[in-house]
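Peer 1: The structure's right below; bear with me while I get my questions together.
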Amino acid sequence: MSLAKRLESLDRRWIFLLIGLSVVLPMFLPITFPERITSQTQALYDTMESLPEGSVIMVPFEVWPSTLPETEPIARAAVRHAFRRQMKIVSLSNVGGGGPSIADRVLREEGNAAGKVYGIDYVNLGYRANYLAVLSGMGTSIRSIYQTDYSGTPVDSLPLMRNVDSYKDVAFIFAIADNATLDYWVSIVGERFGAKIGAGVTAVMAPKMFAYIDAGQMVGLLGGMKGGAEYEKLLGLPDQSTRGMGAQSLIHLLIIAFIVLGNVGFFLSRRNARPA
Amino acid sequence: MSFLVMTITALFTLALYSFLYKDNPVYRFAEHVFAGLSAGYYAGLIFQTVLVQQLWVPLWGGQAWLILPALLGSLMFVRLSPKHAWVSRVAIAFVIGANSGILVMQQLHGLVLPQVAKTFVSMASVQGVLIVVGVVCTLIYFYFSKPHTGVLGGVATLGIWFIMISFGAHFGYTVMARVSLLIGRVQFLVIDWLHLTS
């Protein structure tokens, strides 16, 4: 059988097996690749560093549970950075299906590790339906949208919220997102209310977000696991993203090899099919 | 997460990945459980966050006008009767009209105009030239009122190259995203569940 025929008839399960091995092996072998910090990640880090200690920032968790391997390490890095600089965090979510509970878990775990207190250092407002109304309404008054937090505590009874009632009271918005809600943060909250926005997003979303960076509508961006690993490197706290990058890079090399092989097979079979 | 919950999670993960070998009843069972759980979760979520939080509580708190949107919303259920299904169009028309009114201007001022403004750049740099040429050629590729022949055809072909490079970037990032999800699951199985490494 010719090489072209063999490539064409290759059982795709061999590819799945190779991909699987490429994920598992770096967990047992020290396979690492150099990590270069991109300008978007550096810009986001520098923005956070430039905020005065004690600033209030907003960290929306616009994420579904299905993208947690990408978004959770980014969220943890953002929260760690904020707590390290003694910032206060106001969190919320426009994704009802998991966003608020993910925010709750991440904030409480990181808050406990950093010795932060709920209500004083961080608040989770939870979810309210209709993101257009929520994002627009919070520009005027957060209390008009959220009378209570995620667990039903009245917002007015939370010390952190005493001086926070609109985007004007927030120094920066560090959105964690895996869906188009981020577009509305940019168009409504950024453009209409003038809030400064940066984001950590899934890799699928990243190419579209570069347009917002170029247009100055976002100050910085973390794109997927790579962005998370870069941010962890800047923080000096390597964690989940950094751990996954060995497998990530190995699989990328494998897929490049598959693409080359696929094209070789395609051109060989086309040449063989040509009448003599 | 307790070991029991972790084991159930791990078994469902393995059941879903068994599809990679071939379709099988274990995979279908896991898929149906996931679909059922999701539907139940969302029914509860919408009931609590919309019907209770945004209708029932404020209605009894004195906001009687909320009866109007409640009636409008309930018109959607008329679709269950084929004879009277047309009545639901009133509610659909309201939703489409309201959202269009809000979104069209919002998107125009918030996204379209700032993005267009950013393409008015100096062509003194390579990046500036690439942006202007890329935008113009790509737009011309989507101009279908004249046949893509001659100069127009050449410019449109250049537009295709820009589009293909963009697709390539999207594909690369999509691979990274999907692989990240796989890594996350395998890390859960190998590290969190089986403790085979740290």
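Peer 1: Looking at the structure I just gave you, is A:I197 hydrophobic (A, V, I, L, M, F, W, C), crowded, with 19+ Cβ neighbours inside 10 Å and either in contact with a strand residue (DSSP E or B) (Cβ under 7 Å, 6 or more places away or on another chain) or farther than 24 Å from B:V116 by Cα (or both)?
Peer 2: yes
Peer 1: Ok, one more. Mind listing just one residue for me: the one in the range A:200-216 that is within 12 Å of chain B (Cβ to nearest Cβ) and surrounded by 20 or more Cβ atoms within 10 Å (Cβ to Cβ) and, of those, nearest to the chain's Cα centre (by Cα)?
Peer 2: Once the filter is applied, the top-ranked residue is A:V201.
Peer 1: Taking the residues in the range A:42-67 that are among the hydroxyl-bearing types (S, T, Y) and surrounded by fewer than 16 Cβ atoms within 10 Å (Cβ to Cβ) as candidates, determine which candidate is farthest from the other protein chains (Cβ to nearest Cβ).
Peer 2: Out of the qualifying residues, it is A:S50.
Peer 1: Among the residues of the range A:93-128, count how many are within 14 Å of chain B (Cβ to nearest Cβ) and at negative phi.
Peer 2: 14
Peer 1: Of all residues being away from chain A (no Cβ under 13 Å) and surrounded by fewer than 16 Cβ atoms within 10 Å (Cβ to Cβ) in the range B:159-175, which is nearest to A:M225 (Cα to Cα)? Just the residue, please.
Peer 2: Out of the qualifying residues, it is B:M164.
Peer 1: Same structure again: Can you confirm whether A:A175 is within 9 Å of chain B (Cβ to nearest Cβ) and either surrounded by fewer than 24 Cβ atoms within 10 Å (Cβ to Cβ) or in contact (Cβ under 8 Å) with a residue 12 or more places away in the chain (or both)?
Peer 2: no
Peer 1: When the residues of the range B:111-146 are narrowed to those that are of a type in the set (A, V, I, L, M, F, W, C), away from chain A (no Cβ under 14 Å) and not in a helix (DSSP H, G or I), which ends up surrounded by the most Cβ atoms within 10 Å (Cβ to Cβ)?
Peer 2: B:M123
Peer 1: Looking only at the range A:129-165, count every residue that is free of Cβ contacts under 8 Å to residues at least 24 places away in the same chain, more than 13 Å from every other protein chain (Cβ to nearest Cβ) and surrounded by 15 or more Cβ atoms within 10 Å (Cβ to Cβ) and tell me the total.
Peer 2: 1
Peer 1: Among the residues of the range B:12-43, count how many are in a helix (DSSP H, G or I) and acidic (D, E).
Peer 2: 1
Peer 1: Let me ask another. Can you tell me which residue is surrounded by the most Cβ atoms within 10 Å (Cβ to Cβ) among those in the range A:68-92 that are in contact with a helix residue (DSSP H, G or I) (Cβ under 7 Å, 6 or more places away or on another chain) and within 14 Å of chain B (Cβ to nearest Cβ)?
Peer 2: Out of the qualifying residues, it is A:E70.
Peer 1: Just need a number here: residues in the range B:56-106 that are β-branched (V, I, T) and assigned by TED's automatic domain parsing to the domain that holds B:I46.
Peer 2: 1
Listed here are the residues, each with its yes/no results for (1) exposed (fewer than 10 other Cβ atoms within 10 Å of the Cβ); (2) assigned by TED's automatic domain parsing to the domain that holds B:Q187; (3) basic (K, R); (4) without any contact (Cβ under 8 Å) to a residue 60 or more places away in the chain.
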residue: B:K22; (1), (2), (3), (4): yes, no, yes, yes
residue: B:P25; (1), (2), (3), (4): yes, no, no, yes
residue: B:H32; (1), (2), (3), (4): no, no, no, yes
residue: B:G40; (1), (2), (3), (4): no, no, no, yes
residue: B:L51; (1), (2), (3), (4): no, no, no, yes
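Peer 1: Residues in the range B:176-198: is at least one in contact (Cβ under 8 Å) with a residue 12 or more places away in the chain, facing chain A (nearest Cβ under 8 Å), part of a helix (DSSP H, G or I) and at negative phi?
Peer 2: The answer is yes; a qualifying residue exists.
The values are calculated or read from the model by the stated rules, or taken from the named source; none is laboratory data. Since the structure is predicted, the reported quantities are computational estimates derived from the model, not experimental observations. Using ideal geometry, Cβ is built from the backbone for each residue, glycine included, and neighbour counts are taken over all protein chains shown.
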